[in-house]
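The values are calculated or read from the model by the stated rules, or taken from the named source; none is laboratory data. Just so you know, these numbers come straight off a predicted model, no measurement behind them. A quick note on method: Cβ atoms are made from the backbone with ideal geometry, for glycine too, and the neighbour counts reach across all protein chains shown.
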Amino acid sequence: MQYLGAIRYERVTERPGERNGGPDRATSGVRCEHAPGASRKVTLLSQTLEQYEAIVRAGIYPEPYVTPTSAIVGIDVNSMAGSGVRAFGDFGEATCWFWRVCEDHYDPKAHGAAWTADEHAPPELLETRRRFRTLLTRFVRDGYAPDMGQELHDIVFDALGGGWAVAGYEVSGVSIFPDALDKQLDGWWGDPEEDEYFATLAAEGKPVPPFDFSNPEHMEALERRMEQRMRDG
């Protein structure tokens, strides 16, 4: 369990088919409780290399949720879903998401449910795994550095055969909270036409306070903002 301000984070895992009774892929996140009977899912921070790799081996696609250290990742997608921006819990879980994409690229029948043993994996997949492990090892040891976003792009680009136009996905940019927060708030934070939280404050004649990661209402508004950006592309 980890506490950030008034918010309590607890890791949870869903296996395929558990959500809505459907055949969804497994997902990983944490339950965030900030009031009796209320909860929402975000992603726990600071895992080990073994924990990150276990997410990929289990066929889990980490869900996009907002945390104080979220990785904001631009994703170009060659599909009907279109391109967009996702806020993963941290850079490690963003890396796991793309690692799993690459695993399924090498074995399209797996659909997030299988892991090819190293002794049976093709050389290209072994090299991709090595690069992902090296990147995650560095992240766990040193924290995020700007060149890691470019390295994630390069790994995915090389593994998928030349970018989204060929294989479906390409990393188009990575930024990290809290450094990336101002960009996300600019032109949006405080506008009553942009979010119900601001509209309520305006109707009550209350000023909009500065953003606070420990304020559940602020986190929920930011999460709505990121979900909208993910839909709009």
Next item on the list: Starting from residues that are closer than 21 Å to G89 by Cβ and of a type in the set (V, I, T), keep the ones in segment 135-182 and report whichever is modelled with the lowest pLDDT.
Entry: V171
Next item on the list: Please specify each residue of segment 174-189 satisfying the condition of being over 19 Å from the mean Cα position of the chain (by Cα) and either surrounded by 15 or more Cβ atoms within 10 Å (Cβ to Cβ) or of a type in the set (K, R) (or both).
Entry: W188, W189
Item checked: Wholly within segment 115-225, helices (runs of 4 or more DSSP H) carrying at least 1 residues that are farther than 30 Å from V56 by Cβ -> 181-185, 196-203
Check: Which strands (runs of 3 or more DSSP E) does segment 28-94 wholly contain that include 1 or more residues that are at pLDDT below 60?
Finding: 38-42
Checklist line | Pairs where the first residue, in segment 190-212, is in contact (Cβ under 8 Å) with a residue 40 or more places away in the chain and exposed (fewer than 13 other Cβ atoms within 10 Å of the Cβ) and the second is of a type outside the set (S, T, N, Q) and in a loop (DSSP other than H, G, I, E, B), C-beta under 8 Å, 6+ apart | finding: D212/G5
Check: Looking at M230, M219, M226, which is the one that is within 20 Å of F91 (Cα to Cα) and at pLDDT 90 or above?
Finding: M219
